[in-house]
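The structure is given below, and queries will be raised subsequently.
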Amino acid sequence: MSDYKLLIGGALVDGDMTMDVVNPAQGKPFTTIARASENQAEQAVQAAKAAFPGWAATPIEERQAAVKAMAAAIGEHADDLARLLTQEQGKPLADAQGELAWTQGYLGHYATMSLQDRVIQDDETGFVEMRRKPLGVVAGITAWNFPILIACWKLGPAVIAGNTVVLKPAPTTPVATLKMGEIIKDIFPAGVVNIITDQNDLGPYLTSHHDVAKVGFTGSTGTGKKIMQSSADTLKRLTLELGGNDPAIVLDDVNVEKAAQNIFGGAFMNNGQVCMAIKRAYVHESIYEAMCEALAKLAEAAIVDDGLKQGTQIGPIQNAMQFEKVKAFVDHAKAEGKVVAGGEILERAGYFIRPTIVRDVTDGDELVDQEQFGPVLPVIKFDDIEDVIDRANNSPYGLGGSVWSADEDKAIDIAGRIESGTVWVNQHVAISPVAPMAGAKQSGVGVEQDQEGLNEYSQIQLVNVARSNHMGA
Ligand code: NAD
């Protein structure tokens with residue numbers, strides 16, 4: 001028996017298998033849920049395919065109303081969903097509530113949007129209109145850091161554009177997503193939204209499937225490359241939101257205490273498990289000591305505990321594999337004597353590492369060059385602005401970045417030279433439904449959010465009419 005069921009063709013169904021889901025604060029399973037077989041993945045794709053013509057023909061106002069109703073339903077069930085998110089993901093309950101509030105905000109915005117047709121020519125010689133049409137079945141494949149928010153970043157625009165969806169959450173965080181399926185089951189016609197789970201085995205099935213027209217993916221760059229390969233045969237449309245190694249460049253004129261607080265927040269939000277977290281802090285040499293000290297103080301003061309406990313600021317790392325990866329970075333830094341705060345593995349069940357500040361590292365060190373995706377921040381010294389821009393850009397990633405300075409014009413000028421899809425000034429991870437998010441270089445393909453993001457869930461159709469004074473009429 002499973003506690004949470006799949007959503008296929010409008011019905012909540014048991015999986016052909018079950019799977020346990022671990023609470024990372026305890027390091028042991030807290031629930032057993034439905035796990036889909038390949039046969040059930042096929043049923044989900046076929047249900048979505050069957051629902052597509054009807055949903056595509058549904059007036060936009062009705063599609064918008066459904067997305068609005070979904071936002072409201074998530075709000076009504078926010079307490080249950082937040083608790084599940086904390087149990088499976090580890091984030092503090094207040095942050096889980098925050099994720100749901102964000103999700104409602106994004107869905108509310110999608111509910112005001114529509115694909116826009118455009119008349120290109122309308123005169124005596126002809127009529128040319130560019131229309132946007134839905135694509136068909138969209139596979140939404142998501143990561144474990146913001147399970148509900150990221151799922152809705154696929155689902156919302158996909159259904160507004162008139163597509164139908166098969167969602168597949170990450171194997172370590174499927175519970176809240178299944179609960180969401182239970183909540184929205186009757187909001188959409190049967191088959192418009194389907195939710196299946198796996199143990200990392202059904203992704204390729206979806207991304208190579210002939211009846212799937214598009215993949216909306218959030219996850220690692222490595223998996224993104226595999227998806228590109230497996231979807232090549234059917235030339236699927238792809239939106240890939242991938243990994244990042246965001247630099248923060250901190251100039252010598254900042255207020256150190258204030259900047260440290262914001263940089264700490266940008267690096268350790270969601271325990272550092274944010275695609276757009278600050279993953280490398282480049283600090284001018286004249287304020288380097290003061291910045292390391294200020295960051296260390298903040299790291300030492302952070303309350304690390306089970307996310308369900310009131311007052312917790314940082315929860316566990318989400319899963320055992322990620323815990324081992326971050327631990328290896330921390331152990332290496334400790335062995336080199338470069339840890340100025342944190343680094344302790346908590347002696348208790350679960351995957352807890354205290355927020356860790358590492359100094360005197362530089363480009364070429366693994367912790368600087370790779371995406372750590374966890375609670376450990378390297379602080380790197382620089383003295384020359386041209387040099388630090390080169391170092392910031394010397395990465396295969398290009399997701400986000402930030403420049404910190406009291407001189408806004410100077411910061412904006414430097415920001416323009418950072419090779420990433422988003423660059424912030426005096427802030428980091430400031431996202432919104434009206435801010436298109438696009439990864440540069442190996443951080444992604446395509447755009448999410450706003451009209452540009454919505455358009456990615458559509459196909460252009462040009463209707464080109466010759467008028468009577470032309471040949472052929
Ligand atoms: P992951 O790539 O391991 O898994 C993501 C999803 O892909 C999961 O649902 C997984 O089951 C599925 N998957 C695994 N192998 C697959 C395959 N061969 N074909 C199709 N699907 C497959 O990533 P993760 O560890 O869950 O997430 C962490 C990564 O995600 C980090 O690199 C992070 O930066 C990135 N991320 C990016 C964004 C963004 O918007 N750019 C947001 C959040 C996370």
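On the basis of being more than 19 Å from L251 (Cβ to Cβ) and either within 16 Å of the ligand (Cβ to nearest atom) or assigned by TED's automatic domain parsing to the domain that holds C152 (or both), does V447 make the cut?
yes
Next question, about the same structure. In segment 255-273, what count of residues is obtained for those that are open to solvent by 10 Å² or more (accessible area, probe 1.4 Å) and either in a loop (DSSP other than H, G, I, E, B) or outside the structural domain of Q313 (by TED's automatic domain parsing) (or both)?
Residues flagged as open to solvent by 10 Å² or more (accessible area, probe 1.4 Å) and either in a loop (DSSP other than H, G, I, E, B) or outside the structural domain of Q313 (by TED's automatic domain parsing) (or both) within segment 255-273 amount to 1.
List, please: which pairs have Cβ atoms under 8 Å, are six or more places apart or on different chains, and start with a residue in segment 186-211 that is within 13 Å of P171 (Cα to Cα) and of a type in the set (G, A, S) and end with one that is within 15 Å of the ligand (Cβ to nearest atom) and not in a strand (DSSP E or B)?
G203/T223; G203/I227
Residue-by-condition table, conditions (1) over 25 Å from the mean Cα position of the chain (by Cα); (2) surrounded by 23 or more Cβ atoms within 10 Å (Cβ to Cβ); (3) at pLDDT below 95; (4) not hydroxyl-bearing (S, T, Y):
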{"residue": "V22", "(1), (2), (3), (4)": "no, no, no, yes"}
{"residue": "F30", "(1), (2), (3), (4)": "no, no, no, yes"}
{"residue": "A34", "(1), (2), (3), (4)": "no, yes, no, yes"}
{"residue": "E38", "(1), (2), (3), (4)": "yes, no, no, yes"}
{"residue": "A48", "(1), (2), (3), (4)": "no, yes, no, yes"}
{"residue": "G54", "(1), (2), (3), (4)": "yes, no, no, yes"}
{"residue": "V67", "(1), (2), (3), (4)": "no, yes, no, yes"}
{"residue": "L81", "(1), (2), (3), (4)": "no, yes, no, yes"}
{"residue": "Q89", "(1), (2), (3), (4)": "no, yes, no, yes"}
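I'd like to verify a number: residues in segment 303-333 that are more than 20 Å from D365 (Cα to Cα) and in a helix (DSSP H, G or I), how many?
The qualifying residues number 2.
Got a sec? Which helices (runs of 4 or more DSSP H) wholly within segment 1-101 have at least 2 residues that are without any contact (Cβ under 8 Å) to a residue 60 or more places away in the chain and under 28 Å from N270 (Cα atoms)? Spell out how you get there, then give the answer.
Values: elements: 38-57, 60-76, 78-89.
The qualifying helices (runs of 4 or more DSSP H) are 60-76, 78-89.
What number of residues within segment 227-239 are within 18 Å of L167 (Cβ to Cβ), more than 7 Å from the ligand (Cβ to nearest atom) and of a type in the set (A, V, I, L, M)?
Within segment 227-239, residues that are within 18 Å of L167 (Cβ to Cβ), more than 7 Å from the ligand (Cβ to nearest atom) and of a type in the set (A, V, I, L, M) number 1.
Out of segment 337-357, which residues are within 20 Å of A267 (Cβ to Cβ) and part of a loop (DSSP other than H, G, I, E, B)? Please lay out each step first, then the result.
Residues of segment 337-357 that are within 20 Å of A267 (Cβ to Cβ), as a first pass: 338-346, 351-357.
Within segment 337-357, K338, G342, G343, E344, L346, Y351, F352, R354, P355 qualify.
In this structure, is I431 of a type in the set (V, I, T) and under 30 Å from R391 (Cα atoms)?
yes
Tell me which residues, restricted to segment 436-459, are over 30 Å from Q121 (Cβ atoms), in a loop (DSSP other than H, G, I, E, B) and open to solvent by 40 Å² or more (accessible area, probe 1.4 Å).
Hit for segment 436-459 is Q442, nothing else.
While we're here: Looking at D384, D407 in this structure, which one is open to solvent by 60 Å² or more (accessible area, probe 1.4 Å) and closer than 14 Å to V283 by Cβ? First the steps, then the outcome.
Details: D407 fails: closer than 14 Å to V283 by Cβ.
After applying the criteria, what remains is D384.
For segment 180-200, check the following and say yes or no: at least one residue is farther than 20 Å from W102 by Cα, touching an Asp or Glu at 6+ places or on another chain (Cβ under 8 Å), within 8 Å of the ligand (Cβ to nearest atom) and among the charged types (D, E, K, R).
No, every residue in segment 180-200 fails to be farther than 20 Å from W102 by Cα, touching an Asp or Glu at 6+ places or on another chain (Cβ under 8 Å), within 8 Å of the ligand (Cβ to nearest atom) and among the charged types (D, E, K, R).
Out of curiosity, is L462 outside any loop (DSSP other than H, G, I, E, B) and either open to solvent by 40 Å² or more (accessible area, probe 1.4 Å) or free of Cβ contacts under 8 Å to residues at least 40 places away in the same chain (or both)?
Yes.
Which of the residues that make up segment 210-226 are in contact with a helix residue (DSSP H, G or I) (Cβ under 6 Å, 6 or more places away or on another chain) and more than 7 Å from the ligand (Cβ to nearest atom)?
D211, V212, V215, G216, listed by residue number.
Okay, moving on. Scan segment 111-121 and give yes if some residue there is within 16 Å of the ligand (Cβ to nearest atom), touching a residue at least 12 places away in the same chain (Cβ under 8 Å) and in contact with a strand residue (DSSP E or B) (Cβ under 9 Å, 6 or more places away or on another chain), otherwise no. Working first, answer last.
Here is the first cut: in segment 111-121, the ones within 16 Å of the ligand (Cβ to nearest atom) are none.
The answer is no, given that none of the residues of segment 111-121 is within 16 Å of the ligand (Cβ to nearest atom), touching a residue at least 12 places away in the same chain (Cβ under 8 Å) and in contact with a strand residue (DSSP E or B) (Cβ under 9 Å, 6 or more places away or on another chain).
Follow-up question, since we're still on this one. Take the residues of segment 410-424 that are surrounded by 20 or more Cβ atoms within 10 Å (Cβ to Cβ) and in contact with a helix residue (DSSP H, G or I) (Cβ under 9 Å, 6 or more places away or on another chain): which is farthest from M113 (Cα to Cα)?
This residue is I414.
Let me ask another. Scan segment 154-172 residue by residue and report those that are near the ligand (Cβ under 8 Å from one of its atoms) and either under 12 Å from the mean Cα position of the chain (by Cα) or crowded, with 24+ Cβ neighbours inside 10 Å (or both).
K168, P169, A170
The values are calculated or read from the model by the stated rules, or taken from the named source; none is laboratory data. Everything numeric in this text was worked out from a predicted model, so none of it was measured. Using ideal geometry, Cβ is built from the backbone for each residue, glycine included, and neighbour counts are taken over all protein chains shown. Note: accessible area is taken over every heavy atom of the protein model, side chains too, but ligands, DNA and RNA are not part of it. Shrake-Rupley method; radii C 1.70, N 1.55, O 1.52, S 1.80 Å.
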